[in-house]
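Just passing along the structure, written as structure tokens.
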Amino acid sequence: MQAGSVMGNLASAIAIPSDEAALVEELKAGSERAFTQLIAQYHQPIYSVIARSLQDSADASDITQEVFIKVFRNIRSFHGEASLRTWIYRIALHEASNQRRWWSRHKRQEITMETPCGGYDADCEGESLSLGSTLADGNDSPFDHAAQAEVRERVEAALRLVPEAFRTVVILREIEGFTYEEIAEILRVNLGTVKSRLTRGRAALREILVPRTVNTPALNGRPAQAVSMEVSR
């Protein structure tokens, strides 16, 4: 049996696309071309998720570089239990978490916030925040459709006020487009925990962006209702 057929059968058996399996094999063999391809494909989305996970996004570039160093050093330990994408995101979030702990210990500026669930159902897609239509990172991703800069800045700032555990799930689901199952794999938690955190994260973000007072004054010359419509459905 030819080597290509063996690889294709193996990829099917462990539910990895054949093109991904081929890339992984090249990476394990130390291919510079494959590593360049990997960086080209994942650098921007990984940078974006790290920047939104940190209190100080200025550190995102260095952390992103460290992620790819870890990927390069540990690719031989990747055996396809999850997709390559979820494995890389797991490393990225781990590095971001390490940076947050360092930041908290040395600068004592970690922001926490106790937020109510707000009664939203994580299984109800109609209640999800339309972050993809509000934020943009300028690349091919769920963030492609940019809104006005002032709204984007407000949402970015509000997202950093959402407690870490909830913020991470919101970023992975609403911005990066992962399924509930993929998020559970990345974070190594059960599906119920993912849905619960997403519910609370959405509610917390709404609470920050859309004050519940009836007569809310205009925000930067725009009615609060208009902002609400842009960040929720």
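The values are calculated or read from the model by the stated rules, or taken from the named source; none is laboratory data. Only a predicted model underlies this, so the values are computations on that prediction, with no experimental measurement involved. We place every Cβ from the backbone using ideal geometry, glycine too, and count neighbours over all the protein chains shown. Heads up: the accessible areas ignore ligands, DNA and RNA and are worked out on the full protein's heavy atoms, side chains in. Shrake-Rupley method; radii C 1.70, N 1.55, O 1.52, S 1.80 Å.
Has the range 177-189 got any residue that is assigned to a helix (DSSP H, G or I), surrounded by 13 or more Cβ atoms within 10 Å (Cβ to Cβ) and at pLDDT below 90?
There is no residue in the range 177-189 that is assigned to a helix (DSSP H, G or I), surrounded by 13 or more Cβ atoms within 10 Å (Cβ to Cβ) and at pLDDT below 90.
Pick from the range 148-168 the residues that are under 14 Å from the mean Cα position of the chain (by Cα) and in contact (Cβ under 8 Å) with a residue 60 or more places away in the chain: which of them is most open to solvent (accessible area, probe 1.4 Å)?
Glu164
Filter the range 56-72 down to residues that are of a type outside the set (Gly, Ala, Ser) and at pLDDT below 90 and give me whichever is nearest to Ile88 (Cα to Cα).
The residue in question is Asp59.
Would it be correct to say that Met1 is aliphatic (A, V, I, L, M), surrounded by fewer than 12 Cβ atoms within 10 Å (Cβ to Cβ), at pLDDT below 95 and out of contact with any strand residue (DSSP E or B) (no Cβ under 9 Å at 6 or more places or on another chain)? So that I can check it myself, show each step before the final result.
Values: aliphatic (A, V, I, L, M): yes; surrounded by fewer than 12 Cβ atoms within 10 Å (Cβ to Cβ): yes; at pLDDT below 95: yes; out of contact with any strand residue (DSSP E or B) (no Cβ under 9 Å at 6 or more places or on another chain): yes.
When the stated conditions are applied, Met1 passes them.
Can you tell me how many residues in the range 52-70 are among the aliphatic types (A, V, I, L, M) and touching a residue at least 12 places away in the same chain (Cβ under 8 Å)?
4
So which residues in the range 159-168 are farther than 14 Å from Ser57 by Cα and in a helix (DSSP H, G or I)?
Glu164, Ala165, Phe166, Arg167, Thr168
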